[in-house]
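The values are calculated or read from the model by the stated rules, or taken from the named source; none is laboratory data. Note that the coordinates shown come from a computational prediction; the quantities given were computed from them, not determined experimentally. Don't worry about glycine lacking a Cβ; one is built from the backbone with ideal geometry, like all the others, and counts go over all protein chains shown.
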Amino acid sequence: MGPRPVEDLITAFSRLPGIGRKTAQRLTFYIVKRPREEADALARALLGAKDDIHNCVQCFNLTETGEDLCAVCRNASRDQRQICVVEDPGVVLFLEANQLMRGVYHVLGGVLSPLDGVGPGELRLDALVARVQQHDVTEVIVALNASAEGDATAEYLARLLTPLTRVTRLARGLPVGADLDLADKVTLTHALEGRHSL
């Protein structure tokens, strides 16, 4: 056991997703060795993220205090009739960094997971249905992780929205450069199901 402030910081870092005790220790000792100004900057950034960020009132992406709509929803050049449904704002950040979408987003805030107590009522589904109806949406693109929960959520969304608009899902299958003999059965199954003409 080290000094209490060191242990407290290790414990705090360990609570972050994907950070084990060893990584938390490395981060702690890195911060302890750095100048005070860097620790102050980190503390300000953490508090700023908590105090100055909230959800967009339309898509539930993140936006700064003082802005009701996020940058994507405020952008008049975006196609409001194409909505990409994602699990969390991190996916929006990734897609935007790669400039892959011309439409807008809808952040569900999770995926269906009955074992974790996440049902349809815990997701932002009513707001999505309202957007589809109000904006005459022509396509909803479901961009959820390829997991049991992501698949169940995609199926639920398809049943919910198909009477209102076209619902599509990101294609899944073999990544570029992959060897067929190294792919797992699920990946190969999705690749065969998603095949298209040449």
- Item | Residues satisfying the stated conditions in the stretch 3-31, i.e. farther than 16 Å from L42 by Cβ and acidic (D, E) | E7
- Query: Applying the selection to the stretch 125-152, what residues are more than 28 Å from T187 (Cα to Cα) and in contact with a strand residue (DSSP E or B) (Cβ under 7 Å, 6 or more places away or on another chain)?
  - Reply: L128, R131, V132, H135, D136, V137, T138
- Filter the stretch 124-161 down to the residues that are crowded, with 16+ Cβ neighbours inside 10 Å and basic (K, R), then identify the one that is nearest to C84 (Cα to Cα). R131
- Please state which one of F29, F60 is of a type in the set (F, W, Y) and within 26 Å of the chain's Cα centre (by Cα). F60
- Scan the stretch 9-43 for residues that are exposed (fewer than 12 other Cβ atoms within 10 Å of the Cβ) and in a helix (DSSP H, G or I) and report the count. 8
- Query: Are there any helices (runs of 4 or more DSSP H) wholly within the stretch 125-198 with 1 or more residues that are assigned by TED's automatic domain parsing to the domain that holds G90, and if so which?
  - Reply: 125-134, 148-161
- Within the stretch 68-104, track down each residue that is more than 14 Å from the chain's Cα centre (by Cα), in a loop (DSSP other than H, G, I, E, B) and either among the aromatic types (F, W, Y) or surrounded by 14 or more Cβ atoms within 10 Å (Cβ to Cβ) (or both). L69, C70, R78, M101
- Item | Lone unmet requirement of (1) in contact (Cβ under 8 Å) with a residue 40 or more places away in the chain; (2) farther than 26 Å from Y156 by Cα for F60 | (2)
- Task: Report the residue count in the stretch 162-194 for those that are among the hydroxyl-bearing types (S, T, Y) and exposed (fewer than 10 other Cβ atoms within 10 Å of the Cβ).
- Result: 0
